[in-house]
Amino acid sequence: MKNFTLQNSLKFLLTTLFLLSVVIPAEAQKSAAKNQQAREKGKQTQAQIVKKSLGVDDIVKWNRITQMQISPDGKSIAAIIEPWKGTSYARLYDKEGRELFSSDSVKSIYFTPESDYFVMHRQGKKNGKLIIYSVKEKRSTQIDSVSKFTSFPEWGTWVALSSKDSTLRFADLKSGNQKIYKKVSAEAYAKKRPAGLILTAGRLILVNAAEGTEVELSELKKADKLAISENGISMAWVSGGKLVVRRDNVERLITKGEKPLPEGWVIPSYTTLKFSENGEKLYFGTAPAPRTKDTSVVKGEWPVVQVWSWKEKVQFTTQVIEKESDKKRTYTAVYNFGTDMTVQLENKSTGRVITGDKGNSDYVVTLSDDRYRLEEMWEGRVRYDIHLTNTLLDRSVPVAQGVAGQVRFSPKGNWVYWYSEPDSSWFAWSVSALKGGKITNPARIKAFDEDNDVPDMPSSYGAAGWNEDESAFFVYDKFDMWRVDPTGAAEPQRVTRNGREKGIVYRAELLVKEKEYIDEKMDLLFSAFDVKSKDYGFAILKAGFVKEPVMMVSGPFSLGGAVKAKESGEIIFTKENFTTAPDIWVSDLSFRQQKKITDINPQQNEFVWGTAELVKWTSLDGREMEGVVYKPENFDPSKKYPLIVNFYDRNSSTLNTYRTPEAHRSTIDYHMYNSNGYVIFNPDIVYRDGYPGESAYNCVMPGVASLIKEGYINEKSIGAQGHSWGGYQVAYLATRTNLFAAIESGAPVVNMFSAYGGIRWGTGHNRSFQYEHQQSRIGKTPWEAHQRYIENSPLFTMDKVTTPILIMHNDKDGHVPWYQGIEYFVALKRLQKPVWLLNYSGEVHWPQKIENKMDFQRRMMQFFDHYLKGEKMPKWMDEGLSAVDLDFELGY
């Protein structure tokens, strides 16, 4: 294996290191007042608090915001705040941050369009409740027995409420009027009016709640599917293999044998029904008639066998996973009310259909990957042949072949567009002109990922969208946004102008969610990330897009979640850094006066925290590197601290991320380890094709050396931790150095030969593409690069490992076959080196159950505390726990 020399400035230091190496409403009102008092009380100075160290039981109580909204008038702000373990709650504030109302166990929140009511759906063990708070009257009411509620902005104050006893209520929150229906077995709602189709007690009825009308459409015992258009004019239902469409009191029956449905095809009970936005078209699913089994074979005599074939386009393991969905697969057809014509759009070879202009367009795109499905096994990408179909004429024309990238319609359906990785360019195709081509040139717009370091074609930086009349398409390079003419007639314009020169990454924030286009007549908000300092900000590009963006706010924090009030200038967003939780803030677009609204984790002041610091060094192969060092609160540079190195690939951009405390499924909790006296180092990794393991070594080792040189790291108390790709890399480091006193390696690959031919059991896909083209970065097959697979597989140099290893690998892992963890454990056990393996039985790539995540965090910290801090070895490490013991004790 090639050894890299040190730069002169680090030679002495690294030589030294490498010698070591190779409520009910009334209660809710009281709760709001108590919460306000608690926050005021919590504003005591830190000097008055004896701070504690975070433990696993503490971090699971940490809160995060799972939903946030601002009322249309901008005067009220709401959030659902939820701990990892415990009860969620919703809070309503005014824009000065005063709490108005609170309720626990809320799973969804909603403002009515006139901002007069704040609605919360509260969970219950048997049935939920709807809590309605009147913003004007400052009082709340509730409706019991609500398992589900539905409403849309166009409904005003009307809602539809379902209960578990099959009762459906249309309710007007303002007047209190209700219309109740019993024994409801199916329903579908119109988006633009409070109306719906309801199947109740054998009657199919059309209800218009606002008008107080109902029309019985049919006597129907059962409906497999119901649908109604957004405007409530067009309807459809499926029952007994028959599709009925209805409009203007006229019904039409569509059933098997309908031309041009394929012969022998049916409309199954599991079909899908979806109207175009204007209600002129109904898209529905058809399928071949169900197959019947050979009844001549005696039950029990049918052999249980799988037949794999080298000619199969889809790996058999994938077929097994997709079997049930394949058995219920439907193929899209469309019925046009205007022409009274049905067209079958999909068949077994055409793949899927994409509709344009929310289904209103007379054209659809069909994508077929049939010719390329075999190659997907080792390429790891999907390629399509694209056709454009006129649904009025039932005619198709080819658009492009072998496209590797996501294909879309522009919002109004005028253009079909995609990014081509082989060309590093964007393409657009005119629906009206039936022609198109490349609209960006990589020599002018570097739309491709400039930092791509996998042995494959780089992906794009994405697109911001289209302007209103679709005469311009906006795409990104690494830094800037460009305005592109899809016809190619005009030269591209870099509308943000200075991103590349200033090292600022601009990305558009589309605040008006109802608009599906970029309005060039209005100011446009951009997020702005400084790649050098890692500062984050918001910038404004003035209407017309003729000047540089103006930075409105910027600093050592991260901003996100920007949402603007629909009828006013207020905007809410989150602001965070490593020491400050991502609370909700409110401002206008000047950002001159920002007001903090929430305080989701006031208990943070009770605990020892930490700080984040950007550091730089040079890799062993001469690259300038970056990473983040996290130091405990009240850090003393004259002391010696234990260090844990935790990494995946590149994470320095997360310098100002809060990293919410959590019983993580796969990584250490940075705050808990800082709080307990550890320093954490997260280095960026830059990879060289064919040498992923050595790339990690070249980047990590001098980074650690640079910290040791600072004098505050205990060289004998350095650990490493990683999961999945990170788990592989720390396993590799264990074979190249004995610098580490302990390593936790989660779900690692240690044998690239067996892993190459393995299966990702979550999808059934073969893993070969990952090594030839993606994350594992070998770039060739084992028979083309035999030595590279050996050099990059820790298993073949396991005898060089001197570091105690903790492995976590679960037996239902769908990403990395868990026999990789077994190979790792068995090799080290055979060599009689200290090793433990945690298998959370039935769990996947990482623990998902909260009790398992907490257990993992406890055991991992005990492991590191023993080897890096000299604490007593727990029983599970010292004596082990037998299969019998685990029924009675945990061995902590």
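Before moving on, here are some points about what is shown:
- When Gln406 is tested against (1) crowded, with 17+ Cβ neighbours inside 10 Å; (2) closer than 30 Å to Phe316 by Cβ; (3) in contact with a Phe, Trp or Tyr (Cβ under 7 Å, 6 or more places away or on another chain), exactly one condition is not met: (1).
- Qualifying positions in the range 218-238 - in a strand (DSSP E or B) and buried (at least 19 other Cβ atoms within 10 Å of the Cβ): Lys225, Leu226, Ala227, Ile228, Met235, Ala236, Trp237, Val238
- Failed criterion for Val704 (all others in (1) assigned to a loop (DSSP other than H, G, I, E, B); (2) closer than 22 Å to Lys869 by Cα; (3) touching a Pro at 6+ places or on another chain (Cβ under 9 Å) hold): (1)
- Count - residues of the range 126-156 that are surrounded by 19 or more Cβ atoms within 10 Å (Cβ to Cβ) and either hydroxyl-bearing (Ser, Thr, Tyr) or in contact with a strand residue (DSSP E or B) (Cβ under 7 Å, 6 or more places away or on another chain) (or both): 12
- The range 116-158, residues that are among the hydrophobic types (A, V, I, L, M, F, W, C) and closer than 20 Å to Ser103 by Cα: Phe118, Val119, Met120, Leu130, Ile131, Ile132, Val135, Ile143, Val146, Phe149
- Hits in the range 621-642 (condition: touching a helix residue (DSSP H, G or I) at 6+ places or on another chain (Cβ under 8 Å) and part of a strand (DSSP E or B)): Met625, Glu626, Gly627, Val628, Val629, Tyr630, Lys631, Pro632, Pro642
- Here is the figure for the range 779-820: residues that are of a type outside the set (Val, Ile, Thr) and part of a loop (DSSP other than H, G, I, E, B) total 18.
- First in the range 759-779 and aliphatic (A, V, I, L, M), second anywhere and assigned to a loop (DSSP other than H, G, I, E, B), Cβ under 8 Å, 6 or more apart: Ile759/Gln315; Ile759/Arg767; Ile759/Pro817; Ile778/Pro455; Ile778/Asp689; Ile778/Gly690; Ile778/Ala785; Ile778/Asn792
- Any hit, the range 283-295, residues being in a loop (DSSP other than H, G, I, E, B) and crowded, with 19+ Cβ neighbours inside 10 Å: no
- Conditions (1) farther than 24 Å from Lys869 by Cβ; (2) hydrophobic (A, V, I, L, M, F, W, C); (3) under 31 Å from the mean Cα position of the chain (by Cα): number failed by Leu620: (3)
- Check on Val397, at pLDDT 95 or above, of a type outside the set (D, E, K, R), over 18 Å from Arg494 (Cα atoms) and crowded, with 20+ Cβ neighbours inside 10 Å: no
- Count of residues meeting criterion [surrounded by 21 or more Cβ atoms within 10 Å (Cβ to Cβ), part of a loop (DSSP other than H, G, I, E, B) and within 25 Å of the chain's Cα centre (by Cα)] in the range 535-556: 0
- Count of the range 87-118 residues, restricted to those that are surrounded by fewer than 19 Cβ atoms within 10 Å (Cβ to Cβ), of a type in the set (Val, Ile, Thr) and within 14 Å of Lys75 (Cβ to Cβ), is 0.
- For the range 264-282, the set of residues classified as in a loop (DSSP other than H, G, I, E, B), in contact with a Ser or Thr (Cβ under 7 Å, 6 or more places away or on another chain) and farther than 23 Å from Ser325 by Cβ consists of Gly279 only.
- Checklist (1) under 30 Å from Glu376 (Cα atoms); (2) basic (Lys, Arg); (3) exposed (fewer than 14 other Cβ atoms within 10 Å of the Cβ) applied to Arg329, failing item: (3)
- Residue count for the range 525-534, restricted to those that are in a strand (DSSP E or B) and either in contact with a Cys (Cβ under 9 Å, 6 or more places away or on another chain) or over 18 Å from Ser587 (Cβ atoms) (or both): 2.
- Failed condition for Asn127, given (1) modelled with pLDDT of 95 or more; (2) at negative phi; (3) not aliphatic (A, V, I, L, M): (1)
- Whichever residue in the range 725-746 is part of a helix (DSSP H, G or I) and within 28 Å of the chain's Cα centre (by Cα) and, among such residues, is nearest to Leu828 (Cα to Cα): Ala731
- Only one of the listed residues (Val512, Val495) is aliphatic (A, V, I, L, M), in contact with a Lys or Arg (Cβ under 7 Å, 6 or more places away or on another chain), surrounded by fewer than 17 Cβ atoms within 10 Å (Cβ to Cβ) and over 28 Å from Tyr687 (Cα atoms). That residue is Val512.
- Positions within the range 581-603 being closer than 21 Å to Lys61 by Cα, surrounded by fewer than 16 Cβ atoms within 10 Å (Cβ to Cβ) and within 28 Å of the chain's Cα centre (by Cα), in sequence order: Pro602
- Residue check for Val382: surrounded by fewer than 17 Cβ atoms within 10 Å (Cβ to Cβ), aliphatic (A, V, I, L, M), under 28 Å from the mean Cα position of the chain (by Cα) and within 29 Å of Pro260 (Cβ to Cβ): yes
- All conditions in (1) farther than 30 Å from Val686 by Cβ; (2) part of a loop (DSSP other than H, G, I, E, B) hold for Ile445, with the sole exception of (1).
- Total residues in the range 747-771 satisfying the condition of being in a loop (DSSP other than H, G, I, E, B), over 26 Å from Asn698 (Cβ atoms) and not aromatic (Phe, Trp, Tyr): the figure is 5.
- Of the residues making up the range 48-86, those that are of a type in the set (Gly, Ala, Ser), surrounded by fewer than 19 Cβ atoms within 10 Å (Cβ to Cβ) and more than 25 Å from the chain's Cα centre (by Cα) number 2.
- Test for Leu525: is it in contact with a strand residue (DSSP E or B) (Cβ under 7 Å, 6 or more places away or on another chain), at pLDDT below 95 and within 20 Å of Ile571 (Cβ to Cβ): no
- Candidate set: the range 157-177, residues that are more than 34 Å from the chain's Cα centre (by Cα) and among the aliphatic types (A, V, I, L, M); chosen: the one surrounded by the most Cβ atoms within 10 Å (Cβ to Cβ): Ala171
- Members of the range 604-620 that are surrounded by 17 or more Cβ atoms within 10 Å (Cβ to Cβ) and assigned to a helix (DSSP H, G or I): Gln604
The values are calculated or read from the model by the stated rules, or taken from the named source; none is laboratory data. Quick caveat, the model's predicted, so the values are computed rather than measured. Cβ: placed from backbone, ideal geometry, glycine included. Neighbour counts: every protein chain shown.
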